[in-house]
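These notes concern the structure reproduced below.
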Amino acid sequence: MKKFPRARVVGIRLALALAATLAATFATAGIAEASDFALHRAERNVVDKTNAQRARFGLAPLRISKRLVNQARRHAQWMAKSGNFQHGNDGVAENIAWGQSGSSEAVGDWMNSSGHRANILGGYTHMAASWARGSDGRLYWVQQFSSGEKDDVVVEDDMGQKDAS
């Protein structure tokens with residue numbers, strides 16, 4: 001049997017351990033990506049406050065859709081960056097607002113508007129919410145509603161970023 005220097009044996013063992021770790025990581029990566037999804041605190045607050053309003057009227061809570069969250073984030077960022085305050089064309093029901101200092105004020109203003117209130121209390125099954133800060137410091141808020149989404153999200157925790165809760 002051929003003898004190898006000790007350093008080479010240790011190097012081979014480390015390489016094998018690294019390969020096993022990488023294989024396990026890649027094997028579970030799809031599962032981790034599917035279940036790990038974080039909302040900003042303000043996004044979570046809008047969802048919670050919206051579902052609290054629905055509960056007051058005996059309605060089921062809305063589930064969070066990853067697709068809607070991504071759309072709402074893009075739209076809020078677009079409004080904040082461009083300074084345009086207008087509805088998106090994503091084919092979903094949508095509430096938008098600007099200038100509110102936090103999620104409580106945004107949801108409160110929507111509930112005080114018949115059209116926005118109708119979306120919040122509508123027969124939808126899913127929602128998403130997001131916000132973005134414009135260069136002037138103004139906050140732009142977006143809520144989107146839909147039914148039949150196939151990408152329910154179990155929210156893990158906050159993304160840890162400073163937000164407008």
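Once the 1.4 Å probe is applied to the protein heavy atoms, segment 32-121 comes out at 51 Å² accessible per residue.
Using C-alpha pairs below 8 Å separated by at least 6 residues, the relative contact order for segment 38-134 is 49 percent. Ignoring ligands, DNA and RNA, what percent of the 1.4 Å accessible area of segment 62-131 is carbon and sulfur? Reported share for carbon and sulfur atoms: 46 percent.
The values are calculated or read from the model by the stated rules, or taken from the named source; none is laboratory data. Only a predicted model underlies this, so the values are computations on that prediction, with no experimental measurement involved. The protein model used for the area step is the full one, side chains on, heavy atoms only, and it has no ligands, DNA or RNA in it. Shrake-Rupley method; radii C 1.70, N 1.55, O 1.52, S 1.80 Å.
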